[in-house]
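Asks: Okay, handing you the structure first.
Values quoted throughout were computed directly from the atomic coordinates according to the rules given, and no laboratory measurement underlies them. Quick caveat, the model's predicted, so the values are computed rather than measured. Cβ coordinates were reconstructed from backbone atoms using ideal geometry, including for glycine residues, and neighbour counts include every protein chain displayed.
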Amino acid sequence: MTTTRGETLAAAARSEGIDCDGLRVEADDDGFSVTIEEAGVDESGLTVADLDRLADDYPEYVSNWAYWTQDRGDADRAFLRWAERADELSVPERYDRLRDGMARTWGEVRVTPRLVDGERVYELRHEEDIDRDRDELDTHEDPLDARSLVKTDDDGRYRPLKTAPSLPHGWAFVDLDGRACAETVEYVYPATIANWYLERQGDLDVDHWRDAVARQSGIYGVVKTWDRGEGYEHVNWVAEACCDDSQCVKRREWEYDDETTLDVDGGDGVFPCREPCSLVIAAARKWTRLAGEEEQTYEFTLTPSEKEQVEEILDAVADGRADEIREADVSDGANRYRARFLRAKRVDEDGNLAGVATDRDD
Amino acid sequence: MLRTVDSEEAYVVPLFISEGYFTEQVIPRELRLDFEVEQWDSDGTSADYTTLTPADLDKTVHYCGPVGTHDAMTDVIVRRAESVTGDSDVGDGFGLAVVGHGTKRNENSAKAIRYHTERIRERDRFDEVQNLYMDEDPEVDDVTDFFESDDVVVVPLFVADGYHTQEDIPEDMGLTDDYRTGWETPTGRGRRRGRRARPRGDASCERRLAARTRHVAETATPKGPTVGAHARPRLNGGF
């Protein structure tokens, strides 16, 4: 014999009570009481048959409750509810939108929950692939596939930082249930759901720069010597170089220390960055060594345009734009012909800019 | 990453070859585990696990010794010699060199290699079994000096097939001056059996590796016994 929805509601009401997104069902000596505030329902002394009737009248509230009472981790539940804006929209509003599919962006991933035959299914794809037909994309259903998929960028280069904005295009994870959706996201952006959830709970444990470098050892131990009690300007530069939204989709929440915030913006990422990552530490090791050098004064002779061209080249490399500059676009200072001309004119056979020797002390 | 684990209890298994700086200091520190090496009660190759609670989480963590010192790894090395020669009975007439990184900074690095070498030697399967190292004596550079056998299978015991296994070791052994050019077809005396395999980075590699090794170039050193360098064992192939 199949259990009716009324019987399922009754059993849940008797054990723990029901309180989910506006649906409240309680059991007492007179039977059951039900309130659905948005729908103007407030009835008591109900029988199981009455619960069946209300379940028929308000099926979305019941199916919504059934879905969100499924056993899953707190962080995953919060993430999946975020995906359908459960904190902002009423159940009927959500169900209305879920039929067409809602979408939110997590890093570079578009998360799309949709109702299919009354059940939530999830799809994930690169946000820039949102308008492409599914049959144009390489579709997957096994979350584990994501692990190898995100290893390289569109050019096949290894991605050392999972949260770099270089996610490859052309794939879709389809027909995922909630658990598989969260699992896939965790392969694409490890630990982001867990840390985002901790932050929402007010429990994110941030390790600031000073804490993070203090615990380094081995070849990275040298980084702590970069802090000389003379301010944190160098850490501003690190954050600007590595943690800008153009370099990482996490939102930097770590600062110099718990009393000193950096002057650089942490970015607009949905999920937080709780400590300087291994790439930051590895780069900082190099910068620590470079910072040990004494400054020198050099005298170069350049035209104003040549000076600006050097700056344009620096910008183009720093912004990852060098590959995009067209060969014929000689108006761009970082154009290859322009750079080659400058080198031919201003760099001697030993590679010295304007013929000025580096003249290292060491 | 422990915070992404739903379970209340987790086993942490370092994918490292030996006990040392990373397994004893870096990993516990980064996982916020208050770990003292004495808790493993290890002789350098016998760490099993110890149970700890991370400082930032309410979970039980069993912190295990590295995979490289597990007894099963001995079989992985032998399996590698089998798959790469295409001979499931390989041993008679063959020498086996187990090559580790080694470091003068920590004796445990070599201990792990020596442990498996001795276990294989006890099986009396190969004519000779020797442990060799990149960064300490006996050095892999002199591999042929340590063997009398004409055929030597070299199995690097590393966790990944990368710089050391693909570039350093073949060059150190004199198989090639430049790993990018591969090895030349051997000339000179003796039977040439050396082969080189590069494992794939994905699962079910064993079968494919065996297939691939049948048509990889034969290799030899100009003097002395013939040497074939074989890539490191894979966990998924041998367990």
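Asks: In the stretch A:137-159, what residues are without any contact (Cβ under 8 Å) to a residue 12 or more places away in the chain and more than 14 Å from every other protein chain (Cβ to nearest Cβ)?
Replies: A:Asp155, A:Arg157, A:Arg159
Asks: Go through the stretch B:21-36 and give me each residue that's over 19 Å from B:Thr103 (Cα atoms) and in contact with a helix residue (DSSP H, G or I) (Cβ under 7 Å, 6 or more places away or on another chain).
Replies: If the condition is that a residue be over 19 Å from B:Thr103 (Cα atoms) and in contact with a helix residue (DSSP H, G or I) (Cβ under 7 Å, 6 or more places away or on another chain), then B:Leu31, B:Phe35 are the ones that fit.
Asks: Which of the residues that make up the stretch A:146-167 are over 20 Å from A:Glu128 (Cα atoms) and in a loop (DSSP other than H, G, I, E, B)?
Replies: A:Pro160
Asks: Inspect the stretch B:4-18 for any residue being out of contact with any strand residue (DSSP E or B) (no Cβ under 6 Å at 6 or more places or on another chain), acidic (Asp, Glu) and under 20 Å from B:Leu157 (Cβ atoms) and give the result as yes or no. Walk me through how you get there before you give the answer.
Replies: If we filter the stretch B:4-18 for residues that are out of contact with any strand residue (DSSP E or B) (no Cβ under 6 Å at 6 or more places or on another chain), which is where we start, we get B:4-8, B:14-18.
Okay, now just the ones that are also acidic (Asp, Glu), so B:6, B:8.
From the residues that got through so far, the ones that are under 20 Å from B:Leu157 (Cβ atoms) too are none.
Checked the stretch B:4-18: no residue is out of contact with any strand residue (DSSP E or B) (no Cβ under 6 Å at 6 or more places or on another chain), acidic (Asp, Glu) and under 20 Å from B:Leu157 (Cβ atoms).
Asks: Same structure again: Tell me which of these B:Asp56 doesn't satisfy, since it passes every other one: (1) without any contact (Cβ under 8 Å) to a residue 60 or more places away in the chain; (2) touching a helix residue (DSSP H, G or I) at 6+ places or on another chain (Cβ under 7 Å).
Replies: (2)
Asks: Would you call A:Leu149 closer than 26 Å to A:Gly320 by Cβ and surrounded by fewer than 17 Cβ atoms within 10 Å (Cβ to Cβ)? First the steps, then the outcome.
Replies: Values: closer than 26 Å to A:Gly320 by Cβ: yes; surrounded by fewer than 17 Cβ atoms within 10 Å (Cβ to Cβ): no.
The answer is no for A:Leu149.
Asks: Look at the stretch A:343-362 and say how many of its residues are part of a loop (DSSP other than H, G, I, E, B) and either surrounded by 11 or more Cβ atoms within 10 Å (Cβ to Cβ) or in contact with a Gly (Cβ under 7 Å, 6 or more places away or on another chain) (or both). Let's see the steps before the verdict.
Replies: Looking only at the stretch A:343-362, we keep the residues that are part of a loop (DSSP other than H, G, I, E, B), and these are A:348-352, A:354-362.
Now restrict to residues that are either surrounded by 11 or more Cβ atoms within 10 Å (Cβ to Cβ) or in contact with a Gly (Cβ under 7 Å, 6 or more places away or on another chain) (or both): A:348, A:352, A:354-356.
Residues flagged as part of a loop (DSSP other than H, G, I, E, B) and either surrounded by 11 or more Cβ atoms within 10 Å (Cβ to Cβ) or in contact with a Gly (Cβ under 7 Å, 6 or more places away or on another chain) (or both) within the stretch A:343-362 amount to 5.
Asks: I want to confirm something. Restricting to the stretch A:251-265 and keeping residues that are in contact (Cβ under 8 Å) with a residue 24 or more places away in the chain and either touching a Phe, Trp or Tyr at 6+ places or on another chain (Cβ under 9 Å) or of a type in the set (Val, Ile, Thr) (or both), which single residue is surrounded by the most Cβ atoms within 10 Å (Cβ to Cβ)? Step through it out loud before you land on a result.
Replies: Start the filter on the stretch A:251-265 by keeping residues that are in contact (Cβ under 8 Å) with a residue 24 or more places away in the chain, which leaves A:253-258, A:260, A:262-264.
Checking the rest, the ones that are also either touching a Phe, Trp or Tyr at 6+ places or on another chain (Cβ under 9 Å) or of a type in the set (Val, Ile, Thr) (or both) come to A:254-257, A:260, A:262-264.
Numbers: A:Trp254: 26, A:Glu255: 19, A:Tyr256: 20, A:Asp257: 15, A:Thr260: 13, A:Leu262: 21, A:Asp263: 11, A:Val264: 17.
Applying the filter and picking the extreme gives A:Trp254.
Asks: When you look at A:Ala13, is it in contact with a Phe, Trp or Tyr (Cβ under 8 Å, 6 or more places away or on another chain), surrounded by 14 or more Cβ atoms within 10 Å (Cβ to Cβ), within 14 Å of another protein chain (Cβ to nearest Cβ) and in a helix (DSSP H, G or I), yes or no? Even if it seems obvious, please write down each step before you answer.
Replies: Values: in contact with a Phe, Trp or Tyr (Cβ under 8 Å, 6 or more places away or on another chain): yes; surrounded by 14 or more Cβ atoms within 10 Å (Cβ to Cβ): yes; within 14 Å of another protein chain (Cβ to nearest Cβ): no; in a helix (DSSP H, G or I): yes.
For A:Ala13, the condition - in contact with a Phe, Trp or Tyr (Cβ under 8 Å, 6 or more places away or on another chain), surrounded by 14 or more Cβ atoms within 10 Å (Cβ to Cβ), within 14 Å of another protein chain (Cβ to nearest Cβ) and in a helix (DSSP H, G or I) - is not met.
Asks: Additional query: Within the stretch B:1-26, take every residue that is within 13 Å of chain A (Cβ to nearest Cβ) and outside any helix (DSSP H, G or I) and give me the one that is farthest from A:Arg179 (Cα to Cα).
Replies: Applying the filter and picking the extreme gives B:Gly20.
Asks: Of (1) under 24 Å from A:Val249 (Cα atoms); (2) more than 16 Å from the chain's Cα centre (by Cα), A:Arg134 satisfies all except one. Which?
Replies: Unmet condition: (1).
Asks: Among the residues of the stretch A:205-244, what is the count of those that are of a type in the set (S, T, N, Q) and within 20 Å of B:Pro28 (Cα to Cα)? I'd like the intermediate steps shown before the answer.
Replies: Going residue by residue through the stretch A:205-244, those that are of a type in the set (S, T, N, Q) are A:216-217, A:225, A:236.
Still in the running and within 20 Å of B:Pro28 (Cα to Cα): A:216-217.
So the count comes out to 2.
Asks: Can I ask one more? Return the residue satisfying two criteria in turn: it lies in the stretch A:186-232 and is touching a residue at least 12 places away in the same chain (Cβ under 8 Å), part of a loop (DSSP other than H, G, I, E, B) and more than 22 Å from B:Val5 (Cβ to Cβ), and of such residues it is nearest to the other protein chains (Cβ to nearest Cβ).
Replies: Per the stated criteria, the residue is A:Gln216.
Asks: Here is a follow-up. Return yes or no: is A:Pro276 surrounded by fewer than 18 Cβ atoms within 10 Å (Cβ to Cβ), part of a loop (DSSP other than H, G, I, E, B) and within 13 Å of chain B (Cβ to nearest Cβ)?
Replies: Details: surrounded by fewer than 18 Cβ atoms within 10 Å (Cβ to Cβ): no; part of a loop (DSSP other than H, G, I, E, B): yes; within 13 Å of chain B (Cβ to nearest Cβ): yes.
Here the answer is no, as A:Pro276 does not meet what is asked.
Asks: Can you tell me which residues in the stretch A:256-273 are farther than 25 Å from A:Ala75 by Cα, acidic (Asp, Glu) and in a loop (DSSP other than H, G, I, E, B)?
Replies: So in the stretch A:256-273, the residues farther than 25 Å from A:Ala75 by Cα come out as A:256-265.
Next, only the ones that are acidic (Asp, Glu) stay: A:257-259, A:263, A:265.
Of everything in the stretch A:256-273, those that are farther than 25 Å from A:Ala75 by Cα, acidic (Asp, Glu) and in a loop (DSSP other than H, G, I, E, B) turn out to be A:Asp258, A:Glu259, A:Asp263, A:Asp265.
Asks: Could you identify the single residue in B:Val67, B:Val26, B:Val61, B:Val37 that is of a type in the set (A, V, I, L, M) and within 17 Å of the chain's Cα centre (by Cα)?
Replies: Numbers: B:Val26 fails: within 17 Å of the chain's Cα centre (by Cα); B:Val61 fails: within 17 Å of the chain's Cα centre (by Cα); B:Val37 fails: within 17 Å of the chain's Cα centre (by Cα).
Answer to the check: B:Val67.
Asks: On to the next question. Only one residue in B:Arg79, B:Arg29 is within 14 Å of another protein chain (Cβ to nearest Cβ) and assigned to a helix (DSSP H, G or I). Which one? Steps first, please.
Replies: Numbers: B:Arg79 fails: within 14 Å of another protein chain (Cβ to nearest Cβ).
After ruling out the rest, the residue left standing is B:Arg29.
Asks: Test B:Thr51 against the criterion of being free of Cβ contacts under 8 Å to residues at least 24 places away in the same chain, more than 20 Å from A:Ala194 (Cβ to Cβ) and among the hydroxyl-bearing types (Ser, Thr, Tyr), and give yes or no. It would help to see each step written out before you state the result.
Replies: Details: free of Cβ contacts under 8 Å to residues at least 24 places away in the same chain: yes; more than 20 Å from A:Ala194 (Cβ to Cβ): yes; among the hydroxyl-bearing types (Ser, Thr, Tyr): yes.
In short, yes.
Asks: Then there's this: Hey, can you tell me all the residues within the stretch A:104-140 that are among the small types (Gly, Ala, Ser) and either assigned to a strand (DSSP E or B) or closer than 20 Å to A:Arg159 by Cα (or both)? Before the answer, list the steps.
Replies: Filtering the stretch A:104-140 for residues among the small types (Gly, Ala, Ser) gives A:107, A:118.
Across the stretch A:104-140, the qualifying residue is only A:Gly107.
Asks: Of the numbered conditions (1) outside any loop (DSSP other than H, G, I, E, B); (2) crowded, with 17+ Cβ neighbours inside 10 Å, A:Pro143 satisfies every one except a single condition; which is it?
Replies: Failed condition: (1).
Asks: Can you name every residue in the stretch A:310-342 that is farther than 24 Å from A:Asp244 by Cα, in contact (Cβ under 8 Å) with a residue 12 or more places away in the chain and part of a helix (DSSP H, G or I)?
Replies: Passing the criteria: A:Arg338, A:Ala339, A:Leu342.
Asks: From (1) within 14 Å of another protein chain (Cβ to nearest Cβ); (2) in a loop (DSSP other than H, G, I, E, B); (3) over 25 Å from A:Asp319 (Cα atoms), pick out the condition that doesn't hold for A:Ala182.
Replies: If we test A:Ala182 against (1) within 14 Å of another protein chain (Cβ to nearest Cβ); (2) in a loop (DSSP other than H, G, I, E, B); (3) over 25 Å from A:Asp319 (Cα atoms), just (2) comes out false.
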